[in-house]
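Right, one structure below, let's go through it.
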Amino acid sequence: MMRLTPSYETRDAFFSYLEELFALSSDDLFAMIKDFYWDMSGGLSGGPSSLKMLPSFVDKPKGAEEGSFLALDLGGTHFRVLAVALDGKGKATVRHSSQFKVPRKVMQGTGAALFDFLAVCIDSFLTKNRFQRNRTYDLAFTFSFPVRQTRVDSGVLIGWTKGFTATDVQGKDVVCLLNDALRRKHIDCIRVTALANDTVGTLVARSYKDPTCNLGVILGTGTNACYREKWSNIPKLKRPKHPGHMIINMEWGDFSRVRSSCYDSELDAASVNPGAMRFEKMVSGMYLGELTRRVLVDAIKRRVIFIISPDAVQRFKRKGTLKTADMSLIEGDDTADLDHIDSFLKQKGILSTFDDRTLLKRLCGFISGRAAGLGATAIAAVITWMDPDLKKVHTVGIDGALFEKYTGFSTKMRSVLDELLGGKADNISWVHSKDGSGKGAAIIAAVAAASE
Ligand code: GLC
C-alpha cells in the first residue's frame, strides 16, 4: 500500500542525499582546476577542448583613451543602447542609455528580424537623445555570445547560448548583419568600430582605472570569463615571437569536465541546446531557478515536502514557476518563522509547515552553494594559471545580477576561494564592475579608433 505520510527518516534521507549530490569536495575542486588548465591549454593551441579560448584582438586600455562613443549591449533578455564619454583619466561616464526588452519571438525568430529590432531600438535612441544624423559616431557592439574574431571589428557567431535561437546568424559575421539592418533602416551616421564580448567589456572597463585587473567575469543570466594572455602563449595565433598581450574570451560556460547530477542532465535535455554549456547550466542565473524547481517537484512527488498542500506539484509544474530571484529571496529570509518564504508560497497557493520552509531554504542553499563554489574555483584556476604562486595582487572585475543581487552568493564564493588558496587568497579581490559591458565597449571603440 502507498504510504501517504513519509517517515522523518525518509525526508531526512532524501535531503541528505541531495546535499551530497550537490556538494563539492576539496578533491572535486582541485581536480576541476587541473582540468581547467588542461582545457585552457588545449583551447589556446586550437586542439580538442571544452574551452574555446577565443582571441578578442584587444588588450587592456592605457587609461588615457578619450572621446564620446556609442555602445550596444545584447546578451540576454534586454538590449541596451548607450552613449559613453571617456575623460582620458580613467573615468567613463554613461551620458544616455535606453533599455529595450527583447521579445521571446524576436530572440527565437529569424536573424533578420532580430537585427531589424536592434536597428529600430537604435533609431529611437538616436532620436530621443537628439543625435545629429549628418555626422559619424563610432560604435562598439557588445555581443555576448561565442564569436570567432580575426580582427577587433568583425566576428562570426559560433553558436547561440542563453535561449537565443534566431535563424541564419550562426556562421555569419554579426557586424555585417548589424550594418545591413542599419542600412535597411537608413541609419547612416554609425560606424561599427569594435565587437566585444561582455566579459571583455567588463575587464576593459575595470582595468581602465585599475591596472591590477586582469580577469573579467560575468555571473548573470549566463556565466563566462576573459583574462589577459601573452601572444606567445596562444599557439593558434601562430605569432610565437609577438611580444604583446591579448584578452582571451574563454567561454567557460561550455566547460564540460565537471561532475553533474541526474537533475542537471534532465535540465540539459530539455534545453534548446542539449549537451552544450553544461557549466553555465550549473552556475548561472538563467538556470538555477529551473534546476531547483526540478529537484523540488521530485521532492514533492516523493511526498517529502508540502504534504499538507495536495496540489503543490501543480503549482511548480511549469518551467519558470521558480526563478533564481525567488531562490535569493528564500535564502535571504532570516525571520524566525520564515515568513517571507511563507508569503511567497501562499502567493502560489501552497500551505507549508515550518519544516517545509526550512527544507526549501536548505535546497536553495545546496544549489546556489554549488554554483558559487564552481564560480570561485574557475576564478582560482584562471588566476593561478596567470600567476601560479600568487605573488601579485589581482583584482577581478565581476558583473551580473547573480553576483550583484543573490543573497550571500559572493560570501559563499569567498569561502571556497579561501579553502582552495589559503592565505594567498588575500591577494585576490573582486569588485563589482557595474555597467562594465557598456563602458568597456566604449573604451574598446576608443582603442580601435586610435589604432586605425
Ligand atoms: C554566455 C555566452 C558568453 C557570455 C556569457 C555571459 O555564456 O556564451 O559569450 O559572455 O553568456 O553573458
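The values are calculated or read from the model by the stated rules, or taken from the named source; none is laboratory data. It should be emphasised that the depicted structure is a prediction, and the values quoted were computed from it without experimental measurement. Here Cβ is always computed from backbone atoms with ideal geometry, including for glycine, and neighbour counts include all displayed protein chains. The accessibility values were calculated without ligands, DNA or RNA, using every heavy atom of the protein model including side chains. Shrake-Rupley method; radii C 1.70, N 1.55, O 1.52, S 1.80 Å.
Contact order for segment 195-308, expressed relative to its length and based on alpha carbon pairs under 8 Å spaced 6+ residues apart, stands at 21 percent. When the convex hull of its Cα atoms is viewed from all sides, segment 178-226 shows a mean projected area of 4.9 nm². From the alpha carbon centroid of segment 17-54 to that of segment 214-289 is 10 Å. Calculate how steeply helix 354-386 sits against the longest principal axis of the alpha-carbon atoms of the chain, using the helix alpha-carbon long axis, and give the answer as 0 to 90 degrees to the nearest 10. Compared with the principal axis, the helix lies near 40 degrees. Counting only C-alpha contacts under 8 Å and six or more residues apart, can you give the relative contact order of the chain as a whole percent? RCO, the chain: 21 percent. The order of R303, R259 by accessible area, most exposed first and with a 1.4 Å probe, is R259, R303.
The spacing between segment 408-437 and segment 78-143, judged by their C-alpha centroids, is 32 Å. Average accessible surface for the chain: 43 Å² per residue, computed with a 1.4 Å probe over protein heavy atoms with every protein chain in place. Could you tell me what percent of the accessible area of the chain is made up of carbon and sulfur, with a 1.4 Å probe and every protein chain present? Carbon-and-sulfur percentage of accessible area, whole number: 52.
Of the beta bridges DSSP finds with both residues in the chain, what % are antiparallel, to the nearest 5? The antiparallel fraction comes to roughly 60 percent. Straight-line cross-link partners of K185 among the lysines, defined as a Cα under 27 Å from its Cα and at least 8 positions apart when in the same chain: K101, K105, K128, K172, K439.
When peptides 399-406, 25-32 are ranked by their average number of other Cβ atoms within 10 Å per residue, the highest-first order is 399-406, 25-32. Each 10 Å bin from zero up to the one holding the largest Cα-Cα distance in the chain carries the following percent of pairs: 4, 20, 29, 24, 15, 6, 1, 0.
When peptides 11-17, 202-208 are sorted by average Cβ neighbour count within 10 Å, with the highest value leading, the order is 202-208, 11-17.
Note on S260: accessible area is roughly 50 Å² with a 1.4 Å probe, heavy atoms of protein only. With every protein chain in place and a 1.4 angstrom probe, the accessible-area ranking of T377, T335, T150, largest first, reads T150, T335, T377.
Compared with the dominant principal axis of the Cα atoms in the chain, helix 409-421 is inclined by about 90°.
Backbone amide hydrogens, once placed in the peptide plane, bring T110 within less than 5 Å of T167, excluding anything fewer than 5 places away on its chain.
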